[in-house]
1. Please work out if Ser70 is among the polar types (S, T, N, Q), under 16 Å from Leu98 (Cα atoms), part of a helix (DSSP H, G or I) and without any contact (Cβ under 8 Å) to a residue 40 or more places away in the chain.
2. Can you name every residue in segment 2-47 that is over 16 Å from Pro69 (Cα atoms) and not in a helix (DSSP H, G or I)?
3. Here are some residues: Glu77, Glu50. Which one is over 23 Å from Arg13 (Cα atoms) and in a helix (DSSP H, G or I)?
4. Looking at (1) under 11 Å from Ala4 (Cβ atoms); (2) of a type in the set (D, E, K, R); (3) in contact with a strand residue (DSSP E or B) (Cβ under 6 Å, 6 or more places away or on another chain), which is the only condition Glu61 fails?
Amino acid sequence: MKAALIYARAESRKLIPDQIDRLQAFASKNGYTIIGTHADVARGRSAFTELLVRAVHSGEEVTVLVTNPSRIMRDAEMLALMMFILERSGVQLRFLGLPEAA
């Protein structure tokens, strides 16, 4: 089983369902089992923080599915650092439309 957590974030609550639908379709097509869905609106990141805690402490390898890197943060260097730290904990970030790292 490839476990996945979904994360969506948008400026408006109305835009969240579309992101979640796209991520669920991606998960289904790529053999992921969704174990949770988290969403933040506007500048908030509380759901993302909860997602990270859940992923790191799950005791299994987990992939976090996100539509776009900007849904997490816009600073590419900080995002790369976060991804490095998460990978050491067995957590992968996967973005729609971007190839998986080798």
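1. Details: among the polar types (S, T, N, Q): yes; under 16 Å from Leu98 (Cα atoms): yes; part of a helix (DSSP H, G or I): yes; without any contact (Cβ under 8 Å) to a residue 40 or more places away in the chain: yes.
Against the criterion (among the polar types (S, T, N, Q), under 16 Å from Leu98 (Cα atoms), part of a helix (DSSP H, G or I) and without any contact (Cβ under 8 Å) to a residue 40 or more places away in the chain), Ser70 qualifies.
2. Lys2, Ala3, Ala4, Ser12, Asn30, Gly31, Tyr32, Thr33, Ile34, Ile35, Gly36, Thr37
3. On the way: Glu50 fails: over 23 Å from Arg13 (Cα atoms).
Just one listed residue meets the conditions, Glu77.
4. All conditions are met except number (3).
Throughout, read-outs are computed from the coordinates displayed, never taken from laboratory work. Keep in mind the model is a prediction, meaning the values are calculated, not measured. With ideal geometry, Cβ positions are generated from the backbone for all residues, glycine too; neighbour counts draw on all protein chains shown.
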